[in-house]
Every structure is written in C-alpha cells, then in structure tokens.
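Working notes, beginning with the structure itself.
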Amino acid sequence: MQPLRRTLEDQDLGHLHIVAELWEIDLPPGPARPAAAALAQAMLAPGAAAEIAASLPAPADSALTYLQDHGGRAPLADLARIFGPLNRVGPGRRDREKPWRDTTSPLDGLYYRGLLALAFADTPAGPQEFAFIPEDLLDRLPQRVHSPEAPLLGQPAPEPGTIRAARYALVDDATTLLAALRRKPSRSVELPTPRRQALSPFLRQPGSLDFLLALLLEHGLLRQPPIRPDPDATRDFLELPPARALSRLGSTWLQSRTWNDLARTPGLSAATWPNDPLVSRSAALMLLEDVPPEVWWSLNAFLEAVRRERPAFQRPAGDFDSWYVQDQATARVLSGFGNWDLVEGRFLRFMIEGPLAWLGAIDLGLDGSIVVAFRRSARYGSVVGDTDADAIEANVTPASATVAPDGTIRVPESAPMAQRYQIARVTSWVEAAREGNVYRITPSALSLAKAQGLSSSHVRAILEHASGRPIPPNLAAAMGRWERRAAEGRIEPVLLLRVSDPRVLRELKGNRATSRYLGEAIGPTSVAVRSRHVDVLLAAAARLGLLLDPPDAGGESP
C-alpha cells in the first residue's frame, strides 16, 4: 500500500480541494504537488482521522470497517459487489455535478474523503485493481469493533462422527498401479473400463485413478507408448520413505499444467478451458492458508466465506462474465457472479475432497456419505511444499511379508513399497485391506512372471527376500514342478476342475485332504467342484505341491 501523500499526489488539484472541503481543511494556494503535501500533513494530524471517521454515514462506515478488517485493502470488484459500485467520473463532470456533496455510494463517500485509494497489484489470477486505505492514514484511524486482522474464512466445526484420513493411500495406490502396468502395459492413458473395474478393488482410492496416472506420467515414473513403468525412476521412487514419496507426488501436482483441477471438477464442462491450471490451484491453496492447521473446519461455512470475502480468487481482474463454462448436466452456460456456487464453489469442494484429500493433506469429516468438515492434516505442509517431509516421517519399523504353505502371501501395510511392488508383479491379487495386501502363487501368476522374464526361481527369491526366510518346502516343490510341467490345472468358471494330466486328478482323488472337495468325475481329466469348496481346495492342493488356478484366473488382469 502507498502512504497518503503519494495517493494524493496522483490526484488533480480539483480532487484535492474536494477532500479538503470534506475534512474542513484550508489548502494553501498553488499547484497540486505542494497542495497534496499540505493536505496529507493536515489529515494525519492527531485526532483528525478519528473525527472524520466518526462523521461518516452508516453505509460508508461499514465499508471502512470492512477494509480495516481486511488489513486495509480489498479487491475493488469484491467491494463493489458488497457495497455498490464506485462511480468514477471525469474532472469536468465531477466539477459540474458535485457528486461528493450527495454520495449515495459508500465507496464514493470514502473516495472523496481520501480514505480510499486505488492501485493495481499482482495476484495469482493476474493484475487486479485494489481499493485501499493509505497505510499511514490506516494507522491513525480508531480501532473498530472488529479485529484489524483479516477474518478467517469460515468457522470451526464439531468433531465429525466419521473421519476419512487418507494418510499415504496415494503412495500405496501408486505402488499398485506401477505393478499392474509392469505386469500388463496399457496401450493408452485412458485405461479401458474392464481394466479399471479389475483394478478398483485393489486401490485405496479408486476415484483418484486418473489423477494418479497423470502424476506418474508427469513425474517420469511411467513412459509411453505403451504405458509402462520406467525401471530406474520406479526403483528410485519405491525406495523413498512414504512421506517423501507423497511429497514428490504433491510437488508434481503443484507444478502441473497437464492436470487442470477445474477441468476435472464434477459437473463442469467446456470446449476449451479458460483458466490457467497453476493460477487456479495456487489461488485455492492461498485461501486454505487462512484455515488453522489440524482444526476441524466447516466446509459449507468455508465456501460461503470465500464467496463473500474473496469470490474472484481465480478470475483475472475479477471478471465473472468472460469464461464459457457449462453445467455438464444441462449444458447451461455458467457465466456471471450468480453462478459462483456452480463454478468456484464446485471447484473448491473438488480441490478439498479430491486432490488434497487424495494426497493426504486434508482429512475429511463425514455425515453419512456427505463431507461436512475438513482439517489440514499433519502432512499438509509437506504436500504443498511448506515443510520438509522428513519432519513428519514417523519412525516405523518395516514389517516383513509372510508366505503360507497354501501359497498365500500377506504383505503388511508397513512393508517396504519396493518389496510389495515386486510381489505384486509375480502373484495373483486376492485382497487389498487396510492392514495389508493378500496375494497368491498360482500358475497364471507364474506365467505372467515368465512373460516378464522372471523364472520361478526369481519369484522364489523375491518371496524369500520379502519374508526373510525360505518359502515352505511344499510351495517350493510346487513352483519347481510348475516350471517343469507348466500349470497343473485350473478351476473353470463352470466349476469344473480340468487338469493337464490324468495322474494329477488321480493324485487329488487319492489324498484325503483334497478328495473330500471333489465331486463327480467328468472324464479322466475333469471333475466337478462346488463353488463353496473352491478356496479350501486351492489351499489343500497347494499343500500337496499342486498349483491350481481359481475360476477367475482367466479374467481381466489388474
């Protein structure tokens, strides 16, 4: 902000006489520059500012209080929406009509009294015109009822009944996605629907799949075509501590022009998106700086406060009419300030519930399935680049995977990412749970590993390194047997067990552990199996050293 004398020097002599008249100050004769200096000295005299403030009409007093509450300045467009426009006219018309003697606009009242000046300033959305109280005059004004600090955007919320804290879910999903694309590269970034559906049960945050793909591509972890992991970049990423890896993804998002958060906001569409992705993102993050860290905050109150206090945060020059953005459902053009909730409101809600929550920077509070509150998590600073990721890294002892005799592998949540990635490359995926992931050794998985250039001995080495001990002897024998004879058999979706060699079926029927789960024989290499017996038959056969594929092994692979 500028001092009073500088703002007065920018005005013509006629305007200085108007200010002097309203302050009841006698100006010395002469040109404008000495007059501005004399006027500023008189206005800054002890008690003068308090006296003029006390004489303001109520609407002008409210506008002055608003400016004081906001540190002495605010975008002119925002002030005009709240208090009405500033009616600027040329010197000739001003001197004829004498508008300062009957000001109906609160901003006019402040402007002609020298309490409000105008200047352009850079903002994340570009240069914008601000109205401000000259800095030395601001110090002379009496303290208002409200705090001179800028008010917080919104208000605290009670502790929510349901909390959704992402923590390091995006890093976990990155490991899963990298492994899936290593097993089976994709022809395009837009994964086909069947593959998305196959991946979804194994992702902590299925809704973030496109976001994650964009970050992995931009960070150089994926290369194309086809879409597959870059070996060196992937190895380096997976060896990072989770907090550091999350910070890397957050940094990639902050700098991305490829990922446009507004364009990904649900409910909006546009032929050409009018915003600069970096401007919109940084402007939204500046709003969140006013929210206290690790305090539950009302989402609706936050959106309403932004609408009231800083609605043009991403709009160049505060212009709400130039963007051609449509409502996705109705194709209605959402121009004008009246559609703020449908554009800016939706965008900010998506930023909080989407990227920031996916990155673990925001915890969400829910009422049923509706997000009603949020808080900046302990990871917020490391994600947006304010703090070092090492400052929040917990000292967690990495846990080891366990390999059961039935071929099941359990990988705890705290296991190293690199180990889980290697296991996920060479096994069938069974389950993704909060406490860890479950995989299984199957013939199809071993075939997939072989297609990646890994023999069963490589798979065995991966499992033994991750578990820290030799794999069960029966499983080692089964894997060696598969290597020699290929798949022993598979359970078809029609619930027929088909084997490649009649001797395998005779062995299954001759052992009490497996025979109890076999039904009627259908030829020398097929036997009926009831659906409820599939899982126990797979486990029992593996203990005998026989690997069988489950019914869905021929389906879409993640």
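Inside the range 1-69, counting only helices (runs of 4 or more DSSP H) that do not spill past its ends, which hold 2 or more residues that are at pLDDT 95 or above, in contact with a strand residue (DSSP E or B) (Cβ under 7 Å, 6 or more places away or on another chain) and farther than 22 Å from residue 95 by Cβ?
Counting at least 2 such residues, we get no helices (runs of 4 or more DSSP H) at all.
Applying the selection to the range 306-324, what residues are crowded, with 19+ Cβ neighbours inside 10 Å, at pLDDT 90 or above and assigned to a helix (DSSP H, G or I)?
The answer is 306, and nothing else.
Within the set of pairs 6 or more residues apart or between chains, which connect a residue that is charged (D, E, K, R) inside the range 416-434 to a residue that is not in a helix (DSSP H, G or I) with Cβ atoms less than 6 Å apart?
Correct list of pairs: 420/411; 431/438.
If I go through the range 406-415 residue by residue, how many of them are modelled with pLDDT under 95 and either out of contact with any helix residue (DSSP H, G or I) (no Cβ under 8 Å at 6 or more places or on another chain) or of a type in the set (A, V, I, L, M, F, W, C) (or both)?
Selection size over the range 406-415: 3.
Looking for whichever is of a type in the set (D, E, K, R), in a helix (DSSP H, G or I), out of contact with any strand residue (DSSP E or B) (no Cβ under 8 Å at 6 or more places or on another chain) and surrounded by 13 or more Cβ atoms within 10 Å (Cβ to Cβ) here; the options are 290, 341. Which one fits?
Numbers: 290 fails: in a helix (DSSP H, G or I).
Selected residue: 341, the only one of 290, 341 that is of a type in the set (D, E, K, R), in a helix (DSSP H, G or I), out of contact with any strand residue (DSSP E or B) (no Cβ under 8 Å at 6 or more places or on another chain) and surrounded by 13 or more Cβ atoms within 10 Å (Cβ to Cβ).
Pairs needed: first member in the range 249-270, over 17 Å from residue 335 (Cα atoms); second member anywhere, not aliphatic (A, V, I, L, M); C-beta distance under 6 Å; at least 6 residues apart or different chains.
252/218; 252/219; 256/218; 257/277; 258/218; 260/273; 260/277; 261/281
Hey, among 553, 539, 486, 466, which residue is modelled with pLDDT under 85 and closer than 30 Å to residue 206 by Cβ?
553
I'd like the residue in the range 527-547 that is outside any loop (DSSP other than H, G, I, E, B) and over 22 Å from residue 445 (Cα atoms) and, out of all such residues, is least open to solvent (accessible area, probe 1.4 Å). I'd like the intermediate steps shown before the answer.
Filtering the range 527-547 for residues outside any loop (DSSP other than H, G, I, E, B) gives 527-528, 531-543.
Imposing the further condition that a residue be over 22 Å from residue 445 (Cα atoms) reduces the set to 527-528, 532.
Details: 527: 0, 528: 30, 532: 163 Å².
That would be 527.
May I ask you to list the residues in the range 232-251 that are in a helix (DSSP H, G or I) and aliphatic (A, V, I, L, M)?
Correct list: 233, 238, 243, 245, 246, 249.
Out of 282, 247, which single residue is modelled with pLDDT under 95, under 27 Å from residue 371 (Cβ atoms), open to solvent by 40 Å² or more (accessible area, probe 1.4 Å) and among the small types (Gly, Ala, Ser)?
Just one listed residue meets the conditions, 282.
The values are calculated or read from the model by the stated rules, or taken from the named source; none is laboratory data. Because the structure is a prediction, the values reported are computed rather than measured. Note that each Cβ is placed from the backbone with ideal geometry, even for glycine, and that neighbours are counted across all protein chains shown. Remember, those area values only see protein heavy atoms, side chains included, never the ligands or the DNA or RNA. Shrake-Rupley method; radii C 1.70, N 1.55, O 1.52, S 1.80 Å.
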